[in-house]
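What follows is one structure encoded as structure tokens, with my remarks underneath.
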Amino acid sequence: MKNKAFVFLMGVLLISGCSNDTQSKDETNQHMMHQNNQEMHDSMMDSSQMGHGHMSHDNVLPLKDSSGKNELNIPPLLTSEAASGTEYTVTAQKGEAEIFDGITTETLGYNGDLLGPVLQLKKGETATIHTANKLDEETTFHWHGLEVSGEADGGPHKTLKPDEQETIQFEVTQEAATLWFHPHPEGKTAEQVYKGLAGLIYIEDANSDKLEIPKEYGKNDIPLIFQDRFFTEQRQLDYKTAMNDDGTIGDTLLVNGTADPFLTVGKEKVRLRLLNGSNARNYTFSLNTGDSFVQIATDGGFLNEPVTLNEVTLTPSERAEIVVDFSKADTSKGVSLVNEDGSVLLPFEVSDEETEVAQTSKQLNDFSVTDEEKNMPVTKHIELFGMMNHVEINGKKFDPNRIDFTQQQGVTEVWEIYNKKDMMGGMIHPFHIHGAQFKVISRDGAEPAENERGWKDSIAVHPGEKVKIAIQFKHKGVYMFHCHILEHEDNGMMGQIEVK
């Protein structure tokens, strides 16, 4: 403990009093603090650790504005290989993508050069997925948010060596949702995601089929994967140079793998399925016009009714589905999705063509947290602590041979996740549990915000905050729980629960 205290004390001196607590809204002060401390940082820290990352989440490397010169790439929908039912082959492979005009960037992708296709599933069906590793290193296929057995989940125990293949089969038992998939090999997750391994999963059900919401894929139902990256002068993804133990941050935003993107939309309601697929950066999405939008879904399903918002914050791995009414947006000065600091994430080109504006269903779901769940005692305590490579859960780093908790299949328990402050104030940790969706009971004893009253598999826990959740596992097996800042995960901020 003395050594760790010394490390944190040195960290305090090195960053000259910068706070890690929450993202500052005063961008001028951020810029001045960044400038004043940069010279000290560069002289005292290795540039490969500091130059393109961050030591303080108050002073995150700013994103360049999207110039809006490239049409947004829309991931293809993967076609089932079976005449009836759903059967897919997903291959992890090396690629070469033209992210910048006339320049080839070495990347990784699923069934292609960069990112992956969208896998479509239907509640009640049996799905078969063949996975193949065509990389020159081992990887896994983790189905983030999908309720499957521990054997099928794709955690670090289920690695595929180069040229190995595996098939999983499962019944789809959960409701309509926007999920995703990515690698999860121990100590290598961050780099493989950074280089391009990520894709989306759509689940539909009888409820989503009947809802009045935008559903025309690629036209008014748009997947949006947000990932910040740092490119070398040669426009390559050099992870070892960009890597930061406290979360790798880039200055260039890719949306669906597109740099400087724009999206053409009609004068209608458009559904945007937002995924924060970044290694570490948080996003607070809003419209530059100040117009509101409605959120209709969380990580694992629809909210009970649309929630009107002016902004929504997503930490790494969180998703939100929002509906923007472009028939009412003020287009006189252009419309863009922007981040909290005003940086332009995605400009929209709103066509002049008039489109019939459909109504959005007022009742979307029947989700609830029961009185019984609210009054259940806490049976599992999770303490998140630390920064850089000194990160722990309950005072321990990940050990693949250690089971931290056990839980019975089909039994609901209440967990309390506590983000313990450190000497520097602490930072937000996005906490993710594999193999299940959970309900948020409270934040520091208060009811969660309206747009968090839906199924979740990841949740932002602020410094000093205690979050209570109710969780039930439908399947047996060993599952991970961890911080979804990918470098924290790789550094051991992860544990295991065995469901029996």
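The values are calculated or read from the model by the stated rules, or taken from the named source; none is laboratory data. Everything numeric in this text was worked out from a predicted model, so none of it was measured. A quick note on method: Cβ atoms are made from the backbone with ideal geometry, for glycine too, and the neighbour counts reach across all protein chains shown. Surface areas here come from the heavy atoms of the whole protein model, side chains and all, with no ligands, DNA or RNA. Shrake-Rupley method; radii C 1.70, N 1.55, O 1.52, S 1.80 Å.
Side notes on the structure shown:
- Pairs with Cβ under 9 Å, 6+ apart, first in the stretch 83-104 and free of Cβ contacts under 8 Å to residues at least 12 places away in the same chain and under 22 Å from Lys195 (Cβ atoms), second polar (S, T, N, Q) and assigned to a strand (DSSP E or B): Glu98/Thr104; Glu98/Thr105; Asp101/Asn70
- Residue list for the stretch 347-365, restricted to those being over 17 Å from Ala176 (Cβ atoms), of a type in the set (A, V, I, L, M, F, W, C) and either in contact with a Pro (Cβ under 9 Å, 6 or more places away or on another chain) or at pLDDT 80 or above (or both): Phe348, Val350, Ala358
- Selection within the stretch 471-500 - assigned to a strand (DSSP E or B), under 20 Å from Arg319 (Cα atoms) and of a type in the set (A, V, I, L, M): Ile471, Met480
- Failed item, numbered, when Leu61 is tested on (1) in a loop (DSSP other than H, G, I, E, B); (2) open to solvent by less than 30 Å² (accessible area, probe 1.4 Å); (3) of a type outside the set (Lys, Arg): (2)
- Condition check for Lys396: in contact (Cβ under 8 Å) with a residue 60 or more places away in the chain and open to solvent by 60 Å² or more (accessible area, probe 1.4 Å): yes
- Output for the stretch 210-226, where each listed residue is open to solvent by 60 Å² or more (accessible area, probe 1.4 Å), assigned to a loop (DSSP other than H, G, I, E, B) and more than 18 Å from Leu77 (Cβ to Cβ): Glu212
- Within the stretch 258-281, tally of residues that are buried (at least 23 other Cβ atoms within 10 Å of the Cβ) and outside any strand (DSSP E or B): 5
- Restricting the stretch 227-236 to residues that are in contact (Cβ under 8 Å) with a residue 60 or more places away in the chain and within 19 Å of Gly277 (Cβ to Cβ) leaves a set whose member that is most open to solvent (accessible area, probe 1.4 Å) is Phe230.
- Considering residues of the stretch 243-272 that are small (Gly, Ala, Ser) and at pLDDT 95 or above only, the residue nearest to Leu114 (Cα to Cα): Gly257
- Among the candidates Val461, Val440, residue that is within 19 Å of Asn282 (Cα to Cα), in contact with a Lys or Arg (Cβ under 9 Å, 6 or more places away or on another chain) and modelled with pLDDT of 95 or more: Val461
- Identity of the residue in the stretch 296-317, over 13 Å from the mean Cα position of the chain (by Cα) and surrounded by 24 or more Cβ atoms within 10 Å (Cβ to Cβ), that ends up farthest from Lys122 (Cα to Cα): Ile296
- Of the strands (runs of 3 or more DSSP E) lying entirely inside the stretch 70-145, those carrying at least 1 residues that are closer than 22 Å to Asp238 by Cβ and of a type outside the set (Phe, Trp, Tyr) are 86-100, 103-110.
- Residue count, the stretch 73-102 (criterion: farther than 19 Å from Thr258 by Cβ, surrounded by 14 or more Cβ atoms within 10 Å (Cβ to Cβ) and of a type in the set (A, V, I, L, M, F, W, C)): 3
- Here Thr248 clears all of (1) part of a loop (DSSP other than H, G, I, E, B); (2) touching a Ser or Thr at 6+ places or on another chain (Cβ under 8 Å); (3) buried (at least 22 other Cβ atoms within 10 Å of the Cβ) except the condition numbered (2).
- Qualifying positions in the stretch 438-470 - over 19 Å from Ala297 (Cα atoms), without any contact (Cβ under 8 Å) to a residue 24 or more places away in the chain and assigned to a loop (DSSP other than H, G, I, E, B): Asp444, Gly445
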